Amino acid sequence: MMRNSEQCPHGAIAKREVPKISLCNLPMDILSMILSLLPINDAVRTSVLSKKLKRVWCSHSNLTFDKGTMRKTYFRPSTGYYGVLRAKEFITKVDAVLHQHSGMGVEHMEIKFGLHSKHADHIDKWVNFAIASRTKEFVINLSGRPKSTYFGKLSCGNKRISSEEPYNLPSQLFSPSNGSYLQCLELRTVCLQLPSDFKGFLNLKSLSLVDVRITDEDVHSVLSKCNLLEFFEIAYCRMVTRIRMLHSLDRLKHLVVDICPKLQEIELNCSPTTLNTSPRLETLTLLCYEHEKTIVPEGPFKFTYLRNLRLELVISDYGKIDVLDYAYLLKIAPFMETLELPMWMVGRNRPYCKEDGELRIGLPHKHTHLKSVRISGFFGHKDQVELALHILRSSIALEKMEITPKLEISNNLALHDCCYEKPHYVDGHRIATEFVCKADYRNVVNVVKVPSSLEPSAAAMEA
């Protein structure tokens, strides 16, 4: 078979013209799909090829504005980097793109740059564009810094991440008609004040609040009026003291509570003091900075749907916090399959010895679903040993328990313990081997020996 030629009746071969395929000749819907896969800056550049392509990019569905997509167009060979993008240049570029955009078909809009209240006039216009274009996913990240830097500032006593006054979100974003198209909203380093007539986001499924100036009352209002929420994250919100939701969020599956310095209580439906939340939750991640003794929940409440739990504990006041109290997690999450307990025992410097008294051995709680447990930051303190033994004896389906002295608390916390990590690592490994492995009759415990010179992992450095 000849693809580019045909056999003539007299044996001669006639060449057949193969039509040339030009990008500009493709149907508009296919062009739109192709350009939607490009970053907005690359999509804009296609406009020099034809008027048709200019019309296509003007309906680009993914509008991500950050240092990468709005970078300078010139390159400095001496440094290997593009020039530094200033706020004024960033604003000018974003304004230029949005001025030419049709305002139709926007699925995702993201603003990620270090801006604040003095840029409010420009940011207000961008928010209004997102409202008018009925954007489904809206990200406003005005921090200009990775999330991993937040804890360092807070741990040093800084009440604010930035010295500048944060941008105040306009009230029109929260009106029933304007917010009805939002399905995902991510806010970072802004001020959020809900209007008194806030009715909720009817279709919102994902909400992230990081370094947001927001009151307890407004957090409660958002949670109580967004009934379709499946994912909720709140982190580094320095005004928040209590998270309350008195009615059930039946669809909530993922809850992330990172360090909020003043947070005292989480009361979602039934509290870092009493760990309660939506009964349909499947995955729960909490980072708790514990100062006071944990209050064990009372009554019949259970996490019926919870399968995966990661509870990060930063415990600073020795004597007030009893790690063994966390044994109640086995009772309130009867179908839990994986449990991660990263700990940082700040200021504790003595591993368990017989002079501390006999290890407490309570009645084991028969847990039939827990298969995998990982305990990190295990320095060999008495209550840590008791908790590990309780989990081991109670979990009849347990397939793997890993214990490591290595600090695995997120947000770069491991860097703060480098000055005395060596004795912790040695003692933690010795105590776990001596007491926990000795009680392991099923050969499921693995105590990981960590070199004292090991640097914090890449995972701990992530934003």
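The values are calculated or read from the model by the stated rules, or taken from the named source; none is laboratory data. Treat the numbers as computed from the prediction; the structure is a model and nothing was measured. Cβ atoms come from the backbone with ideal geometry, glycine included; neighbour counts cover every protein chain shown. Each accessible area value is taken on the protein alone, full model and side chains, heavy atoms only, with ligands, DNA and RNA left out. Shrake-Rupley method; radii C 1.70, N 1.55, O 1.52, S 1.80 Å.
Odds and ends about this structure:
- Between the amide H of VAL445 and those of MET401, distances stay under 5 Å, these residues lying 5 or more places away or on another chain, with hydrogens modeled in the peptide plane.
- Among the listed pairs LYS320/LYS354; LYS320/LYS400; LYS371/LYS438; LYS88/LYS205; LYS262/LYS354; LYS136/LYS371, those with a Cα-Cα distance over 28 Å are LYS320/LYS400; LYS88/LYS205; LYS262/LYS354; LYS136/LYS371.
- Probe 1.4 Å, all protein chains present, accessible-area order of ASP121, ASP356, ASP211, ASP427, largest first: ASP121, ASP356, ASP427, ASP211
- Distance between modelled label sites at LEU363 and SER102, nm, 7 Å Cα→Cβ extension: 6.9
- Whole-Hz Karplus values for the stretch 94-110 come out as 5, 4, 5, 5, 5, 5, 8, 5, 6, x, 10, x, 7, 8, 9, 10, 9 Hz, taken residue by residue from phi with 6.51 cos²θ - 1.76 cosθ + 1.60 and θ = phi - 60°; glycine and proline positions read x.
- Scanning residues 5 or more positions from LEU407 or on other chains, those with amide H under 5 Å from its amide H are GLY377, with H placed 1.01 Å from N in the peptide plane.
- Label separation (THR283 vs ASN128): 3.9 nm, computed from points 7 Å beyond Cα along the C-beta direction.
- Backbone geometry of the stretch 341-347 corresponds, through the Karplus equation with coefficients 6.51, -1.76 and 1.60 at θ = phi - 60°, to 3J(HN,Hα) couplings of 10, x, 10, 9, 8, 5, x Hz, x marking Gly and Pro.
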